[in-house]
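Trainee: My questions all concern the structure below.
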Amino acid sequence: VITRADALALDAADPLAPRRAHYVVDDSVIYLDGNSLGRLPRATVGVLREAVEQQWGQALVRAWPGWIDLPSRVGDLIAVNLLGARPAEVVLCDSTTVNLYKLAHAALHAQPGRRVIVVAEDEFPTDRYVLAGLAASCGAELRVVGCDPDDGPALEALEAALDQDVALVCLSLVGYRSGALLDLPAVTRLVHAAGALVLWDLSHAAGAVPIDLQDGGADLAVGCTYKYLNGGPGSPAFLYVRRELQERLGNPIQGWFGQYDQFAMGLAHVPRAGVARFLTGTPSVLGTLAVEQGVRGLAEAGLPALRAKGMALTALLVDLVEQAGLLDPDAGGFALASPRDPARRGSHVCLQHPQAWQICQALLERGVVADFRVPVRLRLGPAPAYTRHVEVWDAVDRLREVMAARSYDAHPSAVGAVT
Ligand SMILES: *Cc1c(COP(=O)(O)O)cnc(C)c1O
């Protein structure tokens, strides 16, 4: 039996335990949604205050020389510390959605003989919508690969979808719902063997699992910074283009921030050298400064330690749900809707139950923040940078109480507008 004292002992021995003090934390709430919106780092409060009061408030336009290189400076920080990429392969700009469009468009147009984009059936909706729109507007075909919603796309299914017509394969390294973690080098080898390029969406992976884009042979990647990277709501996304591909690919949105000699205001668009050609317009300065602080915090913690703790927390969560007798769908409990092996998933897990929405609301009422994903899944993300083992223990204990008393029945079954 895993007791609350056991969870406290795990916290006492946890090398990352002191990291929690680096975040703004309200101890009255157990926050298990760091994979959706990461906590606010304390350092960010001071940095943003200074940027607003001194830089914006006093220096105004004179602050631009210090701001103009932020997309590349913070891009390099992410590349080296979180993505296993080289400097000058990553920039921060726009949203993940827009960056996905830019890179997918570039990959398609760099290979005129190939007209197919491959995507997994349960890929994050914005990715599927963007790729469907891109395919429709370019006379290309979107080939959708079926997959198990809880286990992620299988290598064999991906392989079967590949042929000499495929230009691009777009996949999430960690599934947004199941948390299923793909084998980046293996998938990349498969895609390259078919002569296509691979575009990784790292939104639920960056900051949670070690990533090695360079050694793994990855071509392209995008990802969010407001999840595990703690950049704040709507903070700019990152994009990665492998150095060897940069001069072959073009940005479909030819903005002035991607322009060579930007302030010469030339008539014709001449792309900048390197990954900076994928910038578009004026960067979000405050958002980028916030991302810098978020990434520094993760770099201090170190990805191997974050990964080890992420696996320990999700494994503890699943073990406790099982110990409470709740991992039994036939007895009114849950089915695990994620891979059981912690090495095969990111830092979040999903539990399936027909009344998952109501259970999520009942947990919220008891001070546990999780979220709901269609269809009928309760998603729990104990972010390793600041979540304690005892919080996982307490959260599962409250879940046990909610299930025993069926207090969730009192909540409306109609799903809210934002989940
Ligand atoms: C969160 C997430 C996004 C979000 O994209 P935005 O443009 O920031 O809204 C995209 N893809 C994946 C896989 C995500 O998890």
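The values are calculated or read from the model by the stated rules, or taken from the named source; none is laboratory data. These numbers were taken from a predicted model, which means no experiment stands behind them. As a convention, Cβ positions derive from the backbone with ideal geometry for all residues, glycine included, and neighbour counts pool all protein chains shown. Surface areas here come from the heavy atoms of the whole protein model, side chains and all, with no ligands, DNA or RNA. Shrake-Rupley method; radii C 1.70, N 1.55, O 1.52, S 1.80 Å.
Trainee: Is there any pair linking a residue in the range 378-391 that is in a loop (DSSP other than H, G, I, E, B) to one that is β-branched (Val, Ile, Thr), with Cβ under 8 Å and at least six apart or on different chains, and which?
Mentor: Every condition considered, the pairs that remain are 382/314; 382/392; 386/25.
Trainee: Identify, please: which residue in the range 64-92 is assigned to a helix (DSSP H, G or I) and free of Cβ contacts under 8 Å to residues at least 60 places away in the same chain and is, among those, farthest from the ligand (Cβ to nearest atom)?
Mentor: 65
Trainee: Within the range 207-220, is even one residue touching a residue at least 60 places away in the same chain (Cβ under 8 Å), within 11 Å of the ligand (Cβ to nearest atom) and among the polar types (S, T, N, Q)?
Mentor: Within the range 207-220, the subset touching a residue at least 60 places away in the same chain (Cβ under 8 Å) is 207-216, 219-220.
From what is left, the residues that are within 11 Å of the ligand (Cβ to nearest atom) are none.
No, that holds for no residue.
Trainee: What residue, of 226, 240, is under 27 Å from residue 55 (Cα atoms), under 20 Å from the mean Cα position of the chain (by Cα) and within 16 Å of the ligand (Cβ to nearest atom)?
Mentor: Exactly one of 226, 240 is under 27 Å from residue 55 (Cα atoms), under 20 Å from the mean Cα position of the chain (by Cα) and within 16 Å of the ligand (Cβ to nearest atom), namely 226.
Matching residues to (1) among the acidic types (Asp, Glu); (2) open to solvent by 10 Å² or more (accessible area, probe 1.4 Å); (3) at positive phi; (4) free of Cβ contacts under 8 Å to residues at least 40 places away in the same chain:
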site: 94; (1), (2), (3), (4): yes, yes, yes, no
site: 100; (1), (2), (3), (4): no, no, no, no
site: 109; (1), (2), (3), (4): no, yes, no, no
site: 116; (1), (2), (3), (4): no, no, no, no
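Trainee: Here are some residues: 142, 70. Which one is modelled with pLDDT of 95 or more and surrounded by 19 or more Cβ atoms within 10 Å (Cβ to Cβ)?
Mentor: Sole residue among the options that is modelled with pLDDT of 95 or more and surrounded by 19 or more Cβ atoms within 10 Å (Cβ to Cβ): 70.
Trainee: Restricting the search to the range 371-390, which residues are farther than 23 Å from residue 206 by Cβ and either buried (at least 24 other Cβ atoms within 10 Å of the Cβ) or in contact with a Cys (Cβ under 6 Å, 6 or more places away or on another chain) (or both)? Break it down stepwise before answering.
Mentor: From the range 371-390, those farther than 23 Å from residue 206 by Cβ are 372, 374-376, 378, 389-390; that's our starting set.
If the condition is that a residue be farther than 23 Å from residue 206 by Cβ and either buried (at least 24 other Cβ atoms within 10 Å of the Cβ) or in contact with a Cys (Cβ under 6 Å, 6 or more places away or on another chain) (or both), then 372, 378, 389 are the ones that fit.
Residue-by-condition table, conditions (1) within 19 Å of residue 240 (Cα to Cα); (2) in contact (Cβ under 8 Å) with a residue 40 or more places away in the chain; (3) touching a His at 6+ places or on another chain (Cβ under 7 Å):
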site: 138; (1), (2), (3): no, no, no
site: 144; (1), (2), (3): no, no, no
site: 182; (1), (2), (3): yes, no, no
site: 223; (1), (2), (3): yes, yes, no
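Trainee: Then there's this: Say whether the condition of being within 12 Å of the ligand (Cβ to nearest atom), part of a loop (DSSP other than H, G, I, E, B) and not small (Gly, Ala, Ser) is met by at least one residue in the range 143-159.
Mentor: For the range 143-159, residues within 12 Å of the ligand (Cβ to nearest atom), part of a loop (DSSP other than H, G, I, E, B) and not small (Gly, Ala, Ser): absent.
Trainee: Same structure, new question: Take residue 89 and decide whether it is acidic (Asp, Glu) and open to solvent by 60 Å² or more (accessible area, probe 1.4 Å).
Mentor: In short, no.
Trainee: Here are 184, 199, 190: which of them is within 18 Å of residue 119 (Cβ to Cβ) and surrounded by fewer than 21 Cβ atoms within 10 Å (Cβ to Cβ)?
Mentor: Residue meeting the stated conditions: 190.
Trainee: Are there any pairs, at least 6 apart or on different chains, whose C-beta atoms fall under 9 Å, with the first in the range 334-357 and over 28 Å from residue 184 (Cβ atoms) and the second of a type in the set (Gly, Ala, Ser) and open to solvent by 10 Å² or more (accessible area, probe 1.4 Å), and if so, which?
Mentor: As it stands, the answer is 353/332; 353/335; 355/413; 357/413; 357/414; 357/416, since those pairs meet every condition given.
Trainee: Next question, about the same structure. Can you tell me which residue among 128, 189 is within 11 Å of the ligand (Cβ to nearest atom) and in a helix (DSSP H, G or I)? Reasoning before the result, please.
Mentor: Numbers: 189 fails: within 11 Å of the ligand (Cβ to nearest atom).
128 is the lone residue from the list that is within 11 Å of the ligand (Cβ to nearest atom) and in a helix (DSSP H, G or I).
Trainee: Ok, one more. Looking at (1) within 15 Å of the ligand (Cβ to nearest atom); (2) open to solvent by 30 Å² or more (accessible area, probe 1.4 Å); (3) within 30 Å of residue 230 (Cβ to Cβ), which is the one condition that is false for residue 169?
Mentor: (2)
Trainee: Checking residue 40 against (1) in contact (Cβ under 8 Å) with a residue 60 or more places away in the chain; (2) open to solvent by 60 Å² or more (accessible area, probe 1.4 Å); (3) within 16 Å of the ligand (Cβ to nearest atom); (4) touching a strand residue (DSSP E or B) at 6+ places or on another chain (Cβ under 9 Å), which single condition isn't satisfied?
Mentor: Of (1) in contact (Cβ under 8 Å) with a residue 60 or more places away in the chain; (2) open to solvent by 60 Å² or more (accessible area, probe 1.4 Å); (3) within 16 Å of the ligand (Cβ to nearest atom); (4) touching a strand residue (DSSP E or B) at 6+ places or on another chain (Cβ under 9 Å), only one is false for residue 40: (3).
Trainee: Among the residues of the range 391-402, are any more than 23 Å from residue 9 (Cα to Cα) and surrounded by fewer than 24 Cβ atoms within 10 Å (Cβ to Cβ)?
Mentor: Yes, the range 391-402 has at least one match.
Trainee: Out of all the residues in the range 93-125, which are closer than 18 Å to residue 255 by Cα and in a loop (DSSP other than H, G, I, E, B)?
Mentor: Passing the criteria: 94, 95.
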